[in-house]
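Remarks on the structure that follows.
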Amino acid sequence: DIDQFFQAWRKIGMDPRRNEDVWQYLYRGAYWRRGPVTMRTIAAVDVAPWDIKAKMAGMPLYQLFGGKVRAGVPVYRHADGRDIAELSDNIARYREQGITHIRCQSGGYGGGAFGDAPAHAAANAPKGIYLDQRKYMRETVKLFDELRSRFGFEVELVHDVHERLKPSDAIRFAQQLEPYE
């Protein structure tokens, strides 16, 4: 209820219609600035007044931000599988549904490239949690080679590295995947 919303804000001495003032107060007035907890809190508090303003104006929120920019955006579905055959079956199922953008992964995150610590690690290093970046890259390039052979270029394939590669390896990996778009 909008009235309850305003009453709650008045109790803390703030006017939610002054979004920028509230944001600046929270951002600059906090002792522990810019940490993850503070920034998430600010984000949550920042969204509510915008939503209320849109309701008060009787319009969708995006209208307050300048209106629609495009008629739609592509979205993807996530397909995975224990192996290339299971992944391909899942991709085919999505294609039958008309989905054109598919995020692909096989063999679990890391494509089966997780293993024990490298030889230079401490003797008591945990087992089975280290990503062999080179193996991951090789297996993923093979994966995309097989997927493009089977599905062609009519489907947009997506893959998420999850920030697990060194920058130099990420560049090399992107170059290796270029032929597969």
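The values are calculated or read from the model by the stated rules, or taken from the named source; none is laboratory data. Keep in mind that what you see is a predicted model, and the values were worked out from it rather than measured. So basically every Cβ, Gly included, is an ideal-geometry build from the backbone, and we count neighbours across all protein chains shown. Side chains included, ligands, DNA and RNA excluded: accessible areas come from the protein's heavy atoms. Shrake-Rupley method; radii C 1.70, N 1.55, O 1.52, S 1.80 Å.
Heavy atoms only, probe 1.4 Å: what % of the accessible area of the chain goes to carbon and sulfur, would you let me know?
Numbers: 6540 of 12410 Å².
Carbon and sulfur: 53 percent of the exposed surface of the chain.
Would you work out which of Tyr76, Gly66, Leu147 lies farthest towards the positive end of the dipole of the chain, given +1 charges on the beta-carbon of Lys and Arg and -1 on that of Asp and Glu, about the Cα centre?
My answer, from the dipole projection, is Gly66.
Helix-derived [θ] at 222 nm for the chain: sum -39500 (n - 2.57) over DSSP H runs of at least 4, divide by residue count, nearest 500? List each step's numbers first, then the result.
Numbers: 7 runs with 90 residues, N = 181.
Rounded to the nearest 500, the figure is -15500 deg cm²/dmol.
Ordered by packing density, taken as the mean number of other Cβ atoms within 10 Å over each peptide's residues, highest first, how do 139-146, 46-53 rank? Present the calculation step by step, with values, prior to reporting the outcome.
Numbers: 139-146: 17.0, 46-53: 15.4.
Going by the mean number of other Cβ atoms within 10 Å, highest first, we get 139-146, 46-53.
With +1 on each Lys and Arg Cβ and -1 on each Asp and Glu Cβ, how big is the dipole of the chain about its Cα centre, in debye rounded to the nearest 20?
Working: 27 positive and 24 negative charges, 128 e Å.
For the chain, the charge dipole is close to 620 debye.
At what distance in nm do the modelled label points of Leu61 and Arg77 sit from each other, each positioned 7 Å from its Cα along Cα→Cβ?
Those two pseudo-labels are separated by 2.7 nm.
Give me the accessible area per residue for the stretch 51-110, probe 1.4 Å, as a whole number in Å².
Details: 3860 Å² over 60 residues.
Per residue, the stretch 51-110 has 64 Å² of solvent-accessible surface.
Could you pull out every one of the lysines with an alpha carbon less than 24 Å from that of Lys135, ignoring same-chain neighbours closer than 8 positions?
Hits, sequence-local ones excluded: Lys127, Lys166.
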